[in-house]
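Let me begin by presenting the structure, written as structure tokens, before commenting on it.
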Amino acid sequence: MRTPLVVANWKMNGTLAGARGLTAGVLDGLRRPRGVEVVLCPPFTALHVVGELLSGSPIALGAQNCHWESAGAFTGEISPAMLVELGCRYVVLGHSERRKEFGESDEHINRKMHAVLAAGMTPILCVGETAEERRQGLTFATVEGQLRAGLAGLRNAAIGACILAYEPVWAIGTGVNATPAQAAEVHAYLRGRLAEVASKEVAQRVRVLYGGSVKPDNAGALTAEPDIDGALVGGASLNAQGFVTIVKKATHKGVTVLRGDS
Ligand code: 13P
């Protein structure tokens with residue numbers, strides 16, 4: 001059984017004080033999570049302080065991007081080794097905002113996938129179609145292309161160590177989430193392609209998260225779908241209480257997230 005995973009992508013938000021407060025709120029709400037794994041991805045500038053607060057807790061630290069080289073003349077970039085030093089275990093790669101706003105190509109993303117895995121971290125590879133691509137019936141072709149390109153050259157064992165996130169671009173930050181049925185259809189499709197690219201066994205192991213306007217009131221229905229293994233949460237992860245509620249809704253049924261002192 002795949003343990004659900006809920007990842008907070010804070011994007012470019014928050015001061016250090018805000019990051020401390022948000023982390024404290026999440027830790028307070030999720031002292032001993034069971035049946036679910038949780039990752040916080042603050043901006044680079046807050047990784048150190050958030051990492052210190054999370055240290056010794058079951059909540060893991062992740063980054064929102066990185067470069068593929070380990071060091072060198074790459075002004076403004078951050079290497080996988082630097083993230084490892086800060087305690088990061090996950091890196092979000094290929095987010096649509098990076099693809100669109102910063103011109104990241106499938107080839108860039110593939111290089112990053114290799115580099116993150118080589119550094120011993122877990123990449124979270126994001127794929128998703130635009131509204132126009134969906135209108136044109138290109139949803140499956142788009143996500144399949146991004147998936148195959150992102151995983152190119154990786155061995156089965158490496159693919160088995162990755163996490164995928166289906167984030168339809170039209171659902172990100174819009175308040176219009178994919179319906180559970182719409183998301184489940186694409187998740188099942190992605191799992192089918194994973195079986196082709198790697199193996200059936202790998203496809204059954206890899207967690208596929210859904211992202212795009214996940215909120216406390218829709219997280220339960222989305223993650224109840226058998227092929228949806230958790231959530232990648234943007235805006236709603238900036239509120240500790242709301243994020244904690246999402247985590248609880250994503251937790252496997254029959255397992256309780258225990259709050260330490262209640
Ligand atoms: P929202 O949850 O704000 O729609 O963002 C989703 C996202 O892009 C997470 O990576």
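The values are calculated or read from the model by the stated rules, or taken from the named source; none is laboratory data. A quick note: this is a predicted structure, and the numbers were derived from the prediction, not measured. Counting neighbours? That spans all protein chains shown, and the Cβs are built from the backbone with ideal geometry, glycine included. Accessible surface is based on the protein model in full, side chains and every heavy atom, while ligands, DNA and RNA are left aside. Shrake-Rupley method; radii C 1.70, N 1.55, O 1.52, S 1.80 Å.
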Here the residues within the range 119-166 that are in a helix (DSSP H, G or I) and either within 21 Å of Leu83 (Cα to Cα) or small (Gly, Ala, Ser) (or both) are Ala131, Ala141, Gly145, Ala149, Gly150, Ala157, Ala158, Ile159, Gly160
Subset of the range 66-82, residues closer than 17 Å to Met12 by Cβ and either within 16 Å of the ligand (Cβ to nearest atom) or surrounded by 19 or more Cβ atoms within 10 Å (Cβ to Cβ) (or both), comes to Cys66
* Does Gly62 satisfy being within 16 Å of the ligand (Cβ to nearest atom), in contact (Cβ under 8 Å) with a residue 40 or more places away in the chain and open to solvent by 50 Å² or more (accessible area, probe 1.4 Å)? -> no
Residues in the range 221-245 that are buried (at least 17 other Cβ atoms within 10 Å of the Cβ), touching a Ser or Thr at 6+ places or on another chain (Cβ under 9 Å) and hydrophobic (A, V, I, L, M, F, W, C) total 5
Residues in the range 101-116 that are closer than 16 Å to Ala149 by Cβ, within 16 Å of the ligand (Cβ to nearest atom) and surrounded by fewer than 18 Cβ atoms within 10 Å (Cβ to Cβ) total 0
Scanning the range 1-56 for residues that are farther than 23 Å from Ile163 by Cβ and surrounded by fewer than 14 Cβ atoms within 10 Å (Cβ to Cβ), the one nearest to the chain's Cα centre (by Cα) turns out to be Thr45
Checking Arg155, Arg191, Arg148, Arg135 in turn, the sole residue that is in contact with a Lys or Arg (Cβ under 9 Å, 6 or more places away or on another chain), surrounded by fewer than 22 Cβ atoms within 10 Å (Cβ to Cβ) and not small (Gly, Ala, Ser) turns out to be Arg148
